[in-house]
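Notes follow once the structure below has been shown.
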Amino acid sequence: MRIAHDLFGSNYRKTKEAFTSSIGELASPHSVFEAYAGAGHQTVIWAEKASIVFASEKLSKKREQFCKRMERAGYKKTSTKNKWVAFRKGRKKVMLYQGDAVEAATSISARGHRVDLIDLDTCGSTLPTVPIFLTLLKPKHLVITHGEFHSMRFMREDVLRRTLPHRDIDKTPFPLTVDKMAKELDKAVKVYALRSHNETGNSFWADLKNEQWLGKKSQGMLRRHYVITKPAATADCLNHLASA
């Protein structure tokens, strides 16, 4: 109900927007892909820094809220084509894909568009999609919100076994503290990036630059900014992960 009525995360929205804005200042992206746009609160922030923002949202209720948010921010809907809806304000452009995030990324890639930064912002887990988005869009920056902390608090062992790629799937990840979980998630992002291609030279390395808690550590989620680079030698990457 809170998600449907755009109330989820309202208590830390200003903190989240400030963190997004700071990343935009640092990264100066020309183009951004926001995989789970929701009502468009972060989209407006990214559009302040980027010339074009590609966004996707598959829930019709959230897309309605997105369109209203764009209108309040001064954007005008200009066209609809092949599930894409275009909004413009001066030289700024926002493109909303009405469907699945992976489909949207595939469409962007097929059209040869360059993406500097991807934002994976969900209250669940988006970890298994990280290698897909990195391979399709080849960004320089990754911003990810870790909703896996909710799975930890609700003791969803099945979710964590499935989404933490560096751990033995036959063994429980518990017990876990918040700080331990934060380390596990950093390693998970790095492993997914490294495994995104058969050859290490064609894969990616995720270098953690900054992070922001959204809400209290005992109840909230963690939002992180990574710089995406080419990995070093396979042995160096494995040694780093083993010692982390």
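Does at least one position in the stretch 78-90 carry a residue that is among the small types (Gly, Ala, Ser), on the phi < 0 side of the Ramachandran plot and touching a residue at least 24 places away in the same chain (Cβ under 8 Å)?
Residues of the stretch 78-90 that are among the small types (Gly, Ala, Ser), as a first pass: 79, 86, 90.
Restricting the remaining residues to those that are on the phi < 0 side of the Ramachandran plot gives 79, 86.
Next cut, touching a residue at least 24 places away in the same chain (Cβ under 8 Å) only: none.
For the stretch 78-90, residues among the small types (Gly, Ala, Ser), on the phi < 0 side of the Ramachandran plot and touching a residue at least 24 places away in the same chain (Cβ under 8 Å): absent.
So how many residues does the stretch 179-209 have that are surrounded by fewer than 16 Cβ atoms within 10 Å (Cβ to Cβ) and either touching a Leu at 6+ places or on another chain (Cβ under 7 Å) or over 22 Å from Thr129 (Cβ atoms) (or both)?
As a first pass, look at the stretch 179-209 and keep what is surrounded by fewer than 16 Cβ atoms within 10 Å (Cβ to Cβ): 179-180, 183, 195, 197-199, 201-202, 207-209.
Narrowing further to those that are either touching a Leu at 6+ places or on another chain (Cβ under 7 Å) or over 22 Å from Thr129 (Cβ atoms) (or both): 179-180, 201.
Qualifying residue count for the region: 3.
Among what's in the stretch 91-115 and is in contact (Cβ under 8 Å) with a residue 60 or more places away in the chain and surrounded by fewer than 18 Cβ atoms within 10 Å (Cβ to Cβ), pick the residue that is nearest to Glu211 (Cα to Cα). First the steps, then the outcome.
Step one: list which residues in the stretch 91-115 are in contact (Cβ under 8 Å) with a residue 60 or more places away in the chain, which gives 101, 104-105, 108, 113-115.
Remaining after also requiring surrounded by fewer than 18 Cβ atoms within 10 Å (Cβ to Cβ): 113-114.
On the way: His113: 28, Arg114: 25 Å.
Top of the filtered list is Arg114.
Being in contact with a strand residue (DSSP E or B) (Cβ under 7 Å, 6 or more places away or on another chain), of a type outside the set (Lys, Arg), modelled with pLDDT under 95 and surrounded by 13 or more Cβ atoms within 10 Å (Cβ to Cβ) is the requirement here; does Thr145 meet it? Reasoning before the result, please.
Details: in contact with a strand residue (DSSP E or B) (Cβ under 7 Å, 6 or more places away or on another chain): yes; of a type outside the set (Lys, Arg): yes; modelled with pLDDT under 95: no; surrounded by 13 or more Cβ atoms within 10 Å (Cβ to Cβ): yes.
Spelling it out, it is not the case that Thr145 is in contact with a strand residue (DSSP E or B) (Cβ under 7 Å, 6 or more places away or on another chain), of a type outside the set (Lys, Arg), modelled with pLDDT under 95 and surrounded by 13 or more Cβ atoms within 10 Å (Cβ to Cβ).
Pull out all pairs, ordered by first then second residue, where Cβ-Cβ is under 7 Å, the residues are six or more apart or on different chains, the first lies in the stretch 229-242 and is surrounded by 12 or more Cβ atoms within 10 Å (Cβ to Cβ), and the second is in a helix (DSSP H, G or I) and of a type outside the set (Ser, Thr, Tyr).
Correct list of pairs: Pro231/Leu194; Pro231/Cys237; Cys237/Leu194; Leu241/Lys187; Leu241/Lys190; Leu241/Val191.
For the stretch 150-165, indicate whether the set of residues that are in contact with a strand residue (DSSP E or B) (Cβ under 8 Å, 6 or more places away or on another chain) and in a helix (DSSP H, G or I) is non-empty.
First, the residues of the stretch 150-165 that are in contact with a strand residue (DSSP E or B) (Cβ under 8 Å, 6 or more places away or on another chain): 150.
If we keep only those that are in a helix (DSSP H, G or I) too, we end up with 150.
Yes, the stretch 150-165 has at least one match.
Return the total of residues in the stretch 30-89 being β-branched (Val, Ile, Thr) and under 25 Å from Lys14 (Cβ atoms). Break it down stepwise before answering.
Taking the stretch 30-89 and keeping what is β-branched (Val, Ile, Thr), we get 32, 43-45, 52-53, 78, 80, 85.
So of that shortlist, the ones also under 25 Å from Lys14 (Cβ atoms) come out as 32, 43-45, 53.
The number of residues fulfilling the criteria is 5.
Of all residues in the stretch 45-68 being charged (D, E, K, R) and closer than 20 Å to Ser31 by Cβ, which is surrounded by the fewest Cβ atoms within 10 Å (Cβ to Cβ)? Explain how you work it out, then say what you get.
Step one: filter the stretch 45-68 for residues charged (D, E, K, R), giving 48-49, 57-58, 61-64, 68.
Now drop any that are not closer than 20 Å to Ser31 by Cβ, which leaves 48-49, 57.
Values: Glu48: 13, Lys49: 19, Glu57: 26.
Within the stretch 45-68, the match that is surrounded by the fewest Cβ atoms within 10 Å (Cβ to Cβ) is Glu48.
Scan the stretch 75-89 and give yes if some residue there is hydroxyl-bearing (Ser, Thr, Tyr), at pLDDT 95 or above, touching an Asp or Glu at 6+ places or on another chain (Cβ under 8 Å) and under 13 Å from Thr43 (Cβ atoms), otherwise no.
no
The values are calculated or read from the model by the stated rules, or taken from the named source; none is laboratory data. Keep in mind the model is a prediction, meaning the values are calculated, not measured. As a convention, Cβ positions derive from the backbone with ideal geometry for all residues, glycine included, and neighbour counts pool all protein chains shown.
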